[in-house]
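> Right, I'll just put the structure down here and ask away after.
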Amino acid sequence: MKRNSKRLKSLEIRGFKSIPFQHPLKLEFGDINILLGANGAGKSNIISFFKMLESMMKGSFQRFVAQSGTSQRFLYYGPKQTPEMSASLRFNSPEGWIEYYFKLTAAVPDRLIISSEIIEGKIKQDMEAGQAVLRSDFSESALYYATQAPVKNLRTLLDSCKVYRFSDSSTSAPMRQTSEVDSAHYLQSEANNLAAFLYYLKNNHPDSFRRITEYVSDVVPQFREFYLEPANGYISLKWMDKSPNDYVLSVDQFSDGSIRFIALATLLLQPEETMPFVIIIDEPELGLHPYAMGQLNEMIKDASRHAQIIVATQSTAIVDGFSADNITVIDRDPNVQGSRARQLSEKDYQAWLEEYTLSELWSKNIIGGRPV
């Protein structure tokens, strides 16, 4: 069985941030999923949901809530109007399907507790058709403590839905920092361990490392190669340019767009063995040259052979790089005062697409996703 045979099929969210409890936001996922919408429509709230899910699978849910805000920040118009939120995620595979449902409830003082967790499904060799109610301590997910299949396997799937955002490219940005060599078993969410992960790929997956180097060299004209040499268990991202001398440059000598592209190339061109099952990227277009955008689209398509890709964007270049079938428009519905999702279909816009690009239809508000 191929690794990518397990797929996140669907997601339903109720009562979370801009999503009313009575009018859930429903998403169906394919290999490539482009979330398109205006500012304030709710794209970032979907990203935030996956970040929260990550914290639940790591046993750090209460820390995430405390650092992100109280229940006022998570529940639709606050706990007085929406005392609880819920969500369900379904995974499909040739062996069957499994669905995870959970509910979060407001608690005093300004807390969120995990009030319900249920798994349901039928997975060959793992579970018969049926439903299981999980018992947690209300503070953290019962999945985090799971030791037996299928619960442990479900946690592995959910834990492999990884959110990445590379917006901070300042001199103090995580991706520019020295990292521990031993921190390299996966690329962290803000590329905190970028140098260590590249060093790991160089030594263990040379083909992937070569492809990353080639893409970076294509987009960053002066770049020749990475110079990755650990010292006392730590490593910094250094490099050499195409000049005839062998002068080693520091990570601070990469431009903002260059370091972001390096992080994206490392994420999307890494080998299948280290790649998350679901890669969620928030606004990858930030700071990239128009030429780099074309390369980014290529890398997204390449990565989708091994993982599902979810991209939240406002980039016309990304929109035009994919089919309408890959696009889900996120709008704010004035009738329900909340976010809604609408998946596009290529055949519905076939006549329009004979004369216009997708981004032109977007700018004309034909497909939605514009401020209203």
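The values are calculated or read from the model by the stated rules, or taken from the named source; none is laboratory data. On a predicted model such as this, the values are computed, not experimentally measured, just so you know. All Cβ positions, glycine included, derive from the backbone under ideal geometry; neighbour counts span all protein chains shown. Calculation scope for accessible area: heavy atoms of the full protein, side chains included, ligands and nucleic acids excluded. Shrake-Rupley method; radii C 1.70, N 1.55, O 1.52, S 1.80 Å.
> Please work out if Q72 is modelled with pLDDT of 95 or more, farther than 27 Å from T274 by Cα and surrounded by fewer than 19 Cβ atoms within 10 Å (Cβ to Cβ).
Taking the combined requirement at face value, the residue does not satisfy it.
> Here are A66, A41: which of them is over 20 Å from E117 (Cβ atoms), without any contact (Cβ under 8 Å) to a residue 12 or more places away in the chain and of a type in the set (A, V, I, L, M, F, W, C)?
A66
A quick yes/no check of all residues on (1) in contact with a Pro (Cβ under 6 Å, 6 or more places away or on another chain); (2) loosely packed, with under 15 Cβ neighbours inside 10 Å; (3) free of Cβ contacts under 8 Å to residues at least 60 places away in the same chain:
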site	(1), (2), (3)
R90	no, no, no
K103	no, no, yes
K122	no, yes, yes
K152	no, yes, yes
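> Could you list all residues from region 169-189 that are under 14 Å from D256 (Cα atoms), open to solvent by less than 60 Å² (accessible area, probe 1.4 Å) and not basic (K, R)?
S169, S170, A173, P174, M175 - these are the residues of region 169-189 that are under 14 Å from D256 (Cα atoms), open to solvent by less than 60 Å² (accessible area, probe 1.4 Å) and not basic (K, R).
> Follow-up. Could you check how many residues of region 36-47 are under 16 Å from the mean Cα position of the chain (by Cα) and either open to solvent by 20 Å² or more (accessible area, probe 1.4 Å) or among the aromatic types (F, W, Y) (or both)?
Within region 36-47, residues that are under 16 Å from the mean Cα position of the chain (by Cα) and either open to solvent by 20 Å² or more (accessible area, probe 1.4 Å) or among the aromatic types (F, W, Y) (or both) number 2.
> Quick test for you: out of N203, N192, pick the one residue that is among the polar types (S, T, N, Q) and surrounded by 15 or more Cβ atoms within 10 Å (Cβ to Cβ).
N192
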